[in-house]
Structures are given as C-alpha cells and as structure tokens.
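The values are calculated or read from the model by the stated rules, or taken from the named source; none is laboratory data. This structure is a prediction, so every number in the text was calculated from the model and none was measured. As a convention, Cβ positions derive from the backbone with ideal geometry for all residues, glycine included, and neighbour counts pool all protein chains shown.
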Amino acid sequence: MVLSLVTRRLEVLGYLTITASDGEEGVRIFRERLNEIDLVLLDFAMPKMNGVEAFEELIRIKPEVKVILSSGYTEDAVMQSFPGQRPAGVLHKPYKMEDLETQLERLLGTDG
C-alpha cells in the first residue's frame, strides 16, 4: 500500500518510477536498467534482501548511486548499519511526502 501511494505521488510530481517488491528484485532491476535510474528509494526492512544488503549491492554495481533509505529507526541508528559508504539520505517513517520531495530536489536538483 505504501509503495503504491509513494509511486503515485512521485508520478504526479513528474518522476518516472520503477518499482520492485523486494530487495533482490530491486537489485536485479537496477542492474538491468542501470542507465535509466537516477536515484533509488529503499526500505530498511525488505523481504529477501534488506536495505543494507541491497544498498551494498547497488554501490558495488554503481558506486556513485544516490540512495534514500526509509526506516522506522532514527537516522543515527540507521547510519550505524553502514560503516563504509552511506546512503545519500534517510527518511524516518512515517514520513510526509513533502520530506521525500525535499530529499529528491536536494539529490537530483530538480522539481520533478
């Protein structure tokens, strides 16, 4: 339900979206469509491959990938899970769509 809501909101803002149902599928899609993807929004707790594992795979594939991680944990707690390279942004759940929009504008330099 959250995935559908966020996807609709991003599309209303003018972003093209590609969704995945779990971490493994997300990494597979990223690998296949690498040149089409400017930013990845991950959840910290996903089936099959959690956000930390998925993030590590994504940066192996493309070290400069921009990732926003969504989590119910505090930003400090989330960042402790990343001893090396870290996500470009963290959204604390439940987050407002305006917070997501702000992160996207900051990282992509666009309004959609």
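Summary of values
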read-out	value
When residues of region 1-20 are limited to those that are surrounded by fewer than 11 Cβ atoms within 10 Å (Cβ to Cβ) and at pLDDT 90 or above, the one farthest from residue 34 (Cα to Cα)	12
Any chance residue 111 is of a type in the set (Asp, Glu), at pLDDT 90 or above and touching a helix residue (DSSP H, G or I) at 6+ places or on another chain (Cβ under 8 Å)	no
Residue match in region 87-107 (condition: of a type in the set (Val, Ile, Thr), surrounded by 14 or more Cβ atoms within 10 Å (Cβ to Cβ), in contact with an Asp or Glu (Cβ under 7 Å, 6 or more places away or on another chain) and under 18 Å from residue 2 (Cα atoms))	yes
Whichever residue in region 1-39 is charged (D, E, K, R) and assigned to a loop (DSSP other than H, G, I, E, B) and, among such residues, is farthest from residue 109 (Cα to Cα)	22
Residues of region 52-85 satisfying the condition of being touching a strand residue (DSSP E or B) at 6+ places or on another chain (Cβ under 9 Å) and within 21 Å of residue 28 (Cα to Cα)	52, 54, 55, 58, 59, 65, 66, 67, 68, 69, 70
Subset of region 62-112 that is more than 15 Å from the chain's Cα centre (by Cα) and in a helix (DSSP H, G or I) - its residue that is farthest from residue 46 (Cα to Cα)	98
Residue check for residue 36: out of contact with any Phe, Trp or Tyr (no Cβ under 6 Å at 6 or more places or on another chain) and surrounded by 12 or more Cβ atoms within 10 Å (Cβ to Cβ)	no
Residue list for region 1-59, restricted to those being touching a residue at least 60 places away in the same chain (Cβ under 8 Å), of a type in the set (A, V, I, L, M) and under 21 Å from residue 86 (Cα atoms)	39
Boolean, residue 42 is under 13 Å from the mean Cα position of the chain (by Cα), at pLDDT below 90, aliphatic (A, V, I, L, M) and not in a loop (DSSP other than H, G, I, E, B)	no
